[in-house]
Amino acid sequence: MRFLDANVFVYAYYKPKRSLNEKESMMKEQAKKIISDVSEGRENVTLTVVHVSEAVNILKHGMPQGKLTSIIRGLFMLDNVGIIDVTRDAYFAATELGEDLQLEPNDALAIDIMRQRGITEIYSFDEHFNQVNGITRLPSM
C-alpha cells in the first residue's frame with residue numbers, strides 16, 4: 001500500500017499550454033504509468049478526500065467537467081483505492097504537524113494518515129517528502 005498524492009493526477013492529466021521541459025515530460029510519463037497501474041488494479045493506494053479535492057481543483061481548469069467527473073467516479077469505484085474521510089480534528093492536527101515538519105497542511109495530512117496506517121511510501125513529485133523521516137517518495141528522481 002502506498003499513499004497517492006494529488007500532484008500525480010495533475011501531472012498525468014493536465015495538458016499545459018506550453019511545451020514541457022525534459023524533466024516535466026519524464027514526470028508526466030511516470031504519473032501516467034502510476035495512474036494506469038492503479039486503474040488496472042496493479043497498485044494499491046490510499047488517499048484522502050482532501051487530496052481528491054485538491055486534484056479536482058487544479059484539473060477543472062484544463063479538463064472538461066464530464067471527463068473529470070468520470071475520472072473521479074472511476075477512482076471511487078476501484079477496490080484497490082482507499083479514499084479516507086477527513087474530520088475537522090484530523091485536519092487541525094495536520095496543520096500542527098505541518099508546522100513541525102515545515103509542510104503545508106495537505107502534505108502534512110498525507111504524512112499523518114500514512115503514519116496512522118503504517119504506510120511508508122508515497123507517490124508524489126513533491127521533493128519535500130524526501131526530508132520526512134520514515135517516508136520514501138516514489139518515483140525517486
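A compact table of results
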{"read-out": "Nearest 10 degrees, 0 to 90: helix 22-39 Cα axis against the chain principal axis", "value": "80"}
{"read-out": "Nearest 10 degrees, 0 to 90: helix 88-101 Cα axis against the chain principal axis", "value": "80"}
{"read-out": "Within straight-line cross-link reach of Lys17, aspartates and glutamates at Cα separation under 20 Å, skipping those fewer than 8 residues along the same chain", "value": "Glu29"}
{"read-out": "Degrees separating the helix 105-117 axis from the principal Cα axis of the chain, which is the longest one", "value": "70"}
{"read-out": "Whole-number D in µm²/s for the range 2-135 (Stokes-Einstein; Kirkwood sum over Cα pairs; 25 °C, 0.890 mPa s)", "value": "159"}
{"read-out": "Value of [θ]222 nm, deg cm²/dmol, for the chain, DSSP H segments ≥ 4, -39500 (n - 2.57) each, nearest 500", "value": "-17500 deg cm²/dmol"}
{"read-out": "Cβ-Cβ FRET estimate between Met1 and Lys67, R0 fixed at 35 Å, reported to 0.05", "value": "0.80"}
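Values quoted throughout were computed directly from the atomic coordinates according to the rules given, and no laboratory measurement underlies them. Everything numeric in this text was worked out from a predicted model, so none of it was measured. Here Cβ is always computed from backbone atoms with ideal geometry, including for glycine, and neighbour counts include all displayed protein chains.
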